[in-house]
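**Q** Let me give you the structure first, and then I'll get to my questions.
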Amino acid sequence: MIAPGAADCGSTPKLFSEYCLSRPAQMSKIFPEEVDDLIIDQFHEDKKSLLKCSLVSSQWLTRSRHWLFNDLSLFIADSGYKEHDPRLISFIGSPTSTLAHWVRSLEIIGPGIRKERQEDQYRELNGVLQGILPRLEHVQVLDMKYITWNLLEPENQASIQGMQSLTSLLWDRAMVFDSFGQLVTISSNFLDLRTVKIGLGVRYAQKTDMAVDASVMVEVPFFPRLQSLDLHLSDFTSPLIVISPSQFIHAGQIHTLRLKVDEVLTAPVNMIGDFITAAGPSLTSLTLARSEELEWFPVSLSENVNLANLKIETAVKFDDMPWITKMVETIRSSSIVDISMKLHYEEFYKFDFSHFQSSILRMDPLIRPFVGVGFTLITPEWTRAVHLSLADLAACGKLFVNTNPGREISW
């Protein structure tokens with residue numbers, strides 16, 4: 001943003017924050033507070049400009065701190081990440097500091113999940129956490145990686161479980177719990193959770209019977225306000241689908257569901273379809289993926305009558321097309337606007353595009369005018385072939401092709 005009047009002849013254009021910094025007294029009186037906040041919000045990813053904005057006035061300092069200290073990451077060297085800034089940690093832990101008040105997102109990256117040769121790193125991690133966790137009362141997002149839960153000191157475990165403002169919880173890469181029951185018990189402490197991610201990295205030190213694991217969930221209120229679930233189903237997390245999905249998938253409440261299924265799965269895969277059905281009419285976004293070694297599981301979307309986005313993340317092979325076509329034919333949502341997938345490059349010319357196109361065109365006349373179909377291709381050379389194969393969809397402007405596999409399909 002260029003400051004007004006800063007680009008006059010002979011002058012060098014300045015960032016708006018620089019312009020404000022040169023006139024602090026005037027700037028603090030020009031606009032109402034809400035407009036000032038909007039100006040500062042423009043720099044939410046520009047730390048250098050935010051630091052300058054914080055010097056303009058006490059009012060600008062408050063809003064600048066909102067962005068400067070919103071995210072806090074703790075790094076331990078053995079995890080392969082750079083280390084955190086010890087000075088910032090010291091300031092946040094100081095009883096005279098107010099910086100902890102601004103932290104809303106906390107990322108904790110531990111030294112790893114091997115017990116040997118990590119005593120010093122866990123001692124350091126526990127020391128850092130003991131200094132700051134009691135002061136982080138307003139954290140809303142917690143993301144933990146490369147940590148064995150039982151190697152955290154009991155007071156740190158208690159501080160984490162006592163974060164009552166938490167609305168997003170991410171158990172992702174290399175998180176080790178004592179058992180599935182421990183994962184459920186810890187997670188059930190956060191009664192206000194809206195977003196949960198349980199990734200492939202979740203492991204248990206003790207392997208128990210799946211029925212025993214599932215019975216734990218019946219005894220605990222699990223995610224009563226859940227709205228968005230990102231779940232990587234493996235042998236470690238499959239107890240989540242063995243019990244009735246209504247235990248923590250509350251119809252009329254959840255709007256986003258992302259399911260990835262591992263090839264190592266002892267639970268019946270047909271339960272995944274029940275899982276999606278349980279989301280009911282409130283589900284608006286569904287993403288599905290599975291290991292290429294695993295067969296696709298049956299899915300009906302007839303109960304998800306407000307579904308707007310359907311995305312297949314795994315590269316679609318020739319044999320997958322009948323499954324996709326069958327699933328598309330169950331769509332009853334008049335809100336559907338986006339069906340997107342990535343095509344497997346080795347089997348591109350085997351696809352029965354005409355059958356897939358027919359399934360779209362056979363949709364309810366009230367639904368068909370709104371739906372768009374997107375394909376991600378490995379090479380732009382296939383773009384013309386896709387358009388020719390799906391000529392009817394292309395002719396009515398319903399076909400969208402992305403030739404950069406690293407980018408999301410969007411329209």
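**Q** Please pick out the residue among Asp46, Asp36 that is closer than 29 Å to Leu88 by Cα, at pLDDT 55 or above and either surrounded by 15 or more Cβ atoms within 10 Å (Cβ to Cβ) or more than 34 Å from the chain's Cα centre (by Cα) (or both).
**A** Asp36
**Q** Take region 144-156 and flag every residue that is touching a residue at least 12 places away in the same chain (Cβ under 8 Å) and more than 20 Å from Ser94 (Cα to Cα).
**A** Met144, Lys145, Tyr146, Ile147, Thr148, Trp149, Asn150, Leu151, Leu152, Glu153
**Q** Moving on to the next point. Under 6 Å between Cβ atoms, at least 6 apart or on separate chains: pull out the pairs that start in region 118-143 with a residue that is closer than 17 Å to Pro154 by Cα and end on any residue that is open to solvent by 60 Å² or more (accessible area, probe 1.4 Å).
**A** If the second residue must be open to solvent by 60 Å² or more (accessible area, probe 1.4 Å), the pairs left are Gln121/Asp78; Asn126/Glu153.
**Q** Scan Ala279, Ala315 and give me the residue that is in a helix (DSSP H, G or I), in contact with a strand residue (DSSP E or B) (Cβ under 6 Å, 6 or more places away or on another chain) and of a type outside the set (D, E, K, R).
**A** Ala279
**Q** Let me ask something else. Where residues in region 288-305 are within 17 Å of Asp262 (Cα to Cα) and in contact with a helix residue (DSSP H, G or I) (Cβ under 7 Å, 6 or more places away or on another chain), which of them is surrounded by the fewest Cβ atoms within 10 Å (Cβ to Cβ)?
**A** Filtering region 288-305 for residues that are within 17 Å of Asp262 (Cα to Cα) and in contact with a helix residue (DSSP H, G or I) (Cβ under 7 Å, 6 or more places away or on another chain), the one surrounded by the fewest Cβ atoms within 10 Å (Cβ to Cβ) comes out as Pro298.
**Q** For Glu346, only one of the following conditions fails: (1) open to solvent by less than 50 Å² (accessible area, probe 1.4 Å); (2) at pLDDT below 85. What is its number?
**A** Among (1) open to solvent by less than 50 Å² (accessible area, probe 1.4 Å); (2) at pLDDT below 85, the lone unmet condition for Glu346 is (1).
**Q** Same structure again: Which members of region 300-315 meet the condition of being among the aliphatic types (A, V, I, L, M) and more than 23 Å from the chain's Cα centre (by Cα)?
**A** Val305
**Q** Counting only residues that are in a loop (DSSP other than H, G, I, E, B), modelled with pLDDT under 80 and in contact with a Ser or Thr (Cβ under 9 Å, 6 or more places away or on another chain), which one in region 180-211 is least open to solvent (accessible area, probe 1.4 Å)?
**A** Out of the qualifying residues, it is Thr208.
**Q** If you take the residues in region 212-271 that are acidic (Asp, Glu) and either at pLDDT below 65 or touching a strand residue (DSSP E or B) at 6+ places or on another chain (Cβ under 9 Å) (or both), which one is surrounded by the most Cβ atoms within 10 Å (Cβ to Cβ)?
**A** Asp213
**Q** A further question on this structure: Give the residues of region 306-343 that are of a type in the set (D, E, K, R) and surrounded by 15 or more Cβ atoms within 10 Å (Cβ to Cβ), sorted by residue number.
**A** Lys311, Glu313, Lys317, Asp320, Glu329, Arg332, Asp338, Lys342
The values are calculated or read from the model by the stated rules, or taken from the named source; none is laboratory data. Quick caveat: nothing in here was measured; it's all calculated off a predicted structure. Cβ sites come from the backbone with ideal geometry, for glycine too, and all protein chains shown count toward neighbours. These accessible areas exclude ligands, DNA and RNA; they are computed on the full protein's heavy atoms, side chains included. Shrake-Rupley method; radii C 1.70, N 1.55, O 1.52, S 1.80 Å.
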